[in-house]
Amino acid sequence: MARKEKKENAARITDAQENKQQDKPAKSRKGRLLKLLVILLLLVAAVLAGLQIYSQMLVKDIVPERTGEQSYFEDRINILVLGTDTDDPEQGRSDSIMVFNVDLANKMVNALSIPRDSRVSIPGYKYKTKINHAYAYGGIDLTRQTVEELLGIPIDYYAVTSFDGFEGIVDTLGGIYVDVPIRMKTHKGGGIDLQPGYQLLDGHQLLGFVRYRGDAGGDIARAGRQQLALKLIYEELIDPANITKLPAVITQLMDMVSTDLDYNELLALINHFKHVDLSTAFHSETLGGGSQTIDGASYWLLDDEQMAEAVQRLFFDEPTAVSADGGDGEADAGQ
């Protein structure tokens, strides 16, 4: 009996030893996998941190050196954005003209729309005419010079898109949701027929929404819709659902838009503002004035006093920064 028990005990010990030896490789493999996972996570974190640092450095480099007597913030850039009235961004007239003052330190954006029928002086031409003629006369260079002299500010960068480019950008993003305020129906420009209400618009429909001139507001209302459309497009760009395809989207944008900002600079700017609430960090205005017919042509006569106040407010005044918790704080950007 004792001999039998000894054999059983010996068998149990042998089995236990074999099980223990079998467990060692399994535990060892789990340990190696865990270490590998930790290393991979650390590498990913390091790469992301590196990209963030590189992006921040690139954003700082975007600001050009300010020369001359004009005092200007060292952490702001002005971007002239044009929409042309043809399918070719290199030709035609500028159908929409906007200047964005991008405050990199406080992560705020001010936008000023210039009505396309504004009567201005174009450098090199004797008589005043509509500002959108500047693009037809001399392209982006003459338009940039005209806007700089009109507003008294430097234009650091530009972006020009045609109607096709605008539609393509919107369609790439899968459309944009817009609250259409009134019935909009027209046969011009391919035609649209929009009912009032919140709805998803494709590129053609959003372009029609932006260009619609059948309401009482005329060019001023159009400028407001242009500002709204660009804001909504940007919000869609930084939506978490689109973050993974952002590089591909920007590549498509580069094909659709003529700009002197390169791919990395655009990506850095988008990344810099991706967590910003534009409902508080974005402010837009349109140059004030009044309509008048001169020699049979309709013009928008700018109010010089209102223009000076708007330029000071949007491009030179120190903004009230919005803190991360939503509260207001004094901006620390200096002149």
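See the values below:
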{"quantity": "Looking only at segment 111-160, and only at residues there that are over 30 Å from D61 (Cβ atoms) and polar (S, T, N, Q), the one that is surrounded by the fewest Cβ atoms within 10 Å (Cβ to Cβ)", "calculated": "S121"}
{"quantity": "Segment 161-189: number of residues that are aliphatic (A, V, I, L, M) and modelled with pLDDT of 90 or more", "calculated": "5"}
{"quantity": "Listing of strands (runs of 3 or more DSSP E) fully contained in segment 184-293 that carry 2 or more residues being in contact (Cβ under 8 Å) with a residue 24 or more places away in the chain, at negative phi and assigned by TED's automatic domain parsing to the domain that holds M307", "calculated": "184-186, 197-201, 257-259, 282-286"}
{"quantity": "Count of segment 135-149 residues which are modelled with pLDDT of 95 or more and over 13 Å from L80 (Cα atoms)", "calculated": "1"}
{"quantity": "Residues within segment 145-183 that are under 17 Å from T251 (Cβ atoms), touching a strand residue (DSSP E or B) at 6+ places or on another chain (Cβ under 7 Å) and either in a loop (DSSP other than H, G, I, E, B) or free of Cβ contacts under 8 Å to residues at least 40 places away in the same chain (or both), tallied", "calculated": "0"}
{"quantity": "Condition check for S96: more than 20 Å from L287 (Cβ to Cβ) and either among the basic types (K, R) or at pLDDT below 95 (or both)", "calculated": "no"}
{"quantity": "Selected residue (criterion: farthest from M98 (Cα to Cα)) from residues of segment 198-213 that are surrounded by fewer than 20 Cβ atoms within 10 Å (Cβ to Cβ) and out of contact with any strand residue (DSSP E or B) (no Cβ under 6 Å at 6 or more places or on another chain)", "calculated": "Q199"}
{"quantity": "Members of segment 244-287 that are more than 30 Å from A310 (Cα to Cα) and of a type in the set (D, E)", "calculated": "D255"}
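The values are calculated or read from the model by the stated rules, or taken from the named source; none is laboratory data. Only a predicted model underlies this, so the values are computations on that prediction, with no experimental measurement involved. Backbone-built Cβ (ideal geometry, glycine too); neighbour counts: all protein chains shown.
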